[in-house]
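J.: Encoded as structure tokens, here's the structure I'll be asking about.
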Ligand SMILES: [Fe+2]
């Protein structure tokens, strides 16, 4: 049990003892699950500290929705790796299995999508299997953007499919070039750019004929101002799925370890995206990404104005500046605790679960 200041009490916490008003009448009994109206009522009765049950063991999931379970993330990564390795060795792409993986993830993400979310991504310590984790992450991030846009049902699955398939053409590029720890020559870069066309070829050869999905996949390197490749499309001439994928692709690439760079922190990446809105990215869709990841995405270590240090563990989709922070095993929602605010970014550690 722990006595907490009423300002730090959050919905879903449980009372460890009866709470009585000044006349001795019991307001709420021991074991009561608190919600916002009960917390407000306790506060209105002039009570400033209340006994809370085992805050350190408070179930993270009762407060923040993890959009994908760790099990599904790991299982999907292994399946994608197998599918891509089979594609490399036999030339056959297992479309039905890709559709199964995508549908399962999109369904789980739709069910868990809420105002307070944590979105896990698969991040590797090395870069050897980057293509597989990247395909999974681009699917997850594209679905996330689409959910924030209010897109539903079949279109969500289509966007997820565009994401998982967007770089299948890279299986035709030798790893010595893909993972070269140096700047590519002009000739090599022109070759790498062709992965977009190889994606189209592989999908057509596999009998996959969903045009919107293919267009989304092959337009992920187009840029909003027309400076991308390979079709040099501009603005809304780029398909909606292509504009979504451009953001997910860059977000995951920058936050991942590559042969030629260390991973960028989500904060640096979000700052980069904000500075390239209208140039590289659709401004409205960029907002959807930032709504869901926040300006301080999970994993950031921060200092608060009371000098405490914590780690961001979730996003408030309706307040990008006020994420959910874990401080000494206590989960504090900065959107609820109006006195606390972030004053400094300290560090970053990748988190997949708690
Ligand atoms: Fe690509």
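J.: Rounded to the nearest whole Å³, what is the per residue volume of the convex hull around the Cα atoms of the range 294-354?
T.: For the range 294-354, the hull spanned by Cα atoms encloses 75 Å³ per residue.
J.: By how many degrees, 0 to 90 and rounded to 10, does the Cα axis of helix 283-293 deviate from the longest principal axis of the chain?
T.: Approximately 50 degrees, to the nearest 10.
J.: Taking Cα atoms, how many degrees apart are the long axis of helix 266-275 and the longest axis of the chain, rounded to 10 and kept between 0 and 90?
T.: 60 degrees
J.: Another question, then. Counting every Cα pair in the chain, what percent are over 29 Å apart?
T.: When every Cα pair of the chain is considered, 45 percent fall beyond 29 Å.
J.: Oh, and also: Taking the DSSP beta bridges in the chain as the whole, what percent of them are antiparallel, to the nearest 5? Intermediate results must be reported in sequence, preceding the final value.
T.: Details: 26 of 29 bridges.
Antiparallel bridges make up about 90 percent of those DSSP assigns within the chain.
J.: Per-residue counts of other Cβ atoms within 10 Å, averaged by peptide: what ranking do you get for 149-159, 239-249, 312-322, highest first?
T.: Packing proxy ranking, top to bottom: 239-249, 312-322, 149-159.
J.: If every alpha-carbon in the range 153-213 counts as one equal scatterer, what log10 I(q)/I(0) does Debye give at q = 0.12, 0.29, 0.30 1/Å?
T.: Computed log10 I(q)/I(0) values: -0.37, -1.18, -1.23.
J.: To the nearest 10 degrees, how steep is helix 240-254 against the longest Cα principal axis of the chain, on a 0 to 90 scale?
T.: Roughly 80 degrees, rounded to the nearest 10.
J.: Using r as the Cβ-Cβ distance of residue 100 and residue 275, and R0 as 30 Å, what FRET efficiency do you calculate, to the nearest 0.05?
T.: 0.20
J.: Follow-up. Between residue 346 and residue 12, what is the spin-label point distance in nm, taking each point 7 Å from the Cα along the Cα→C-beta axis?
T.: The two pseudo-label positions are separated by 2.4 nm.
J.: Once R0 is set to 30 Å, what does the formula 1/(1 + (r/R0)^6) return for the Cβ-Cβ distance between residue 209 and residue 85, expressed as a FRET efficiency to the nearest 0.05?
T.: 0.75
Bear in mind that the values in this text are calculations on the coordinates, not laboratory data. Bear in mind the structure is a predicted one, so any value in this text is a computation, not a measurement. All Cβ positions, glycine included, derive from the backbone under ideal geometry; neighbour counts span all protein chains shown.
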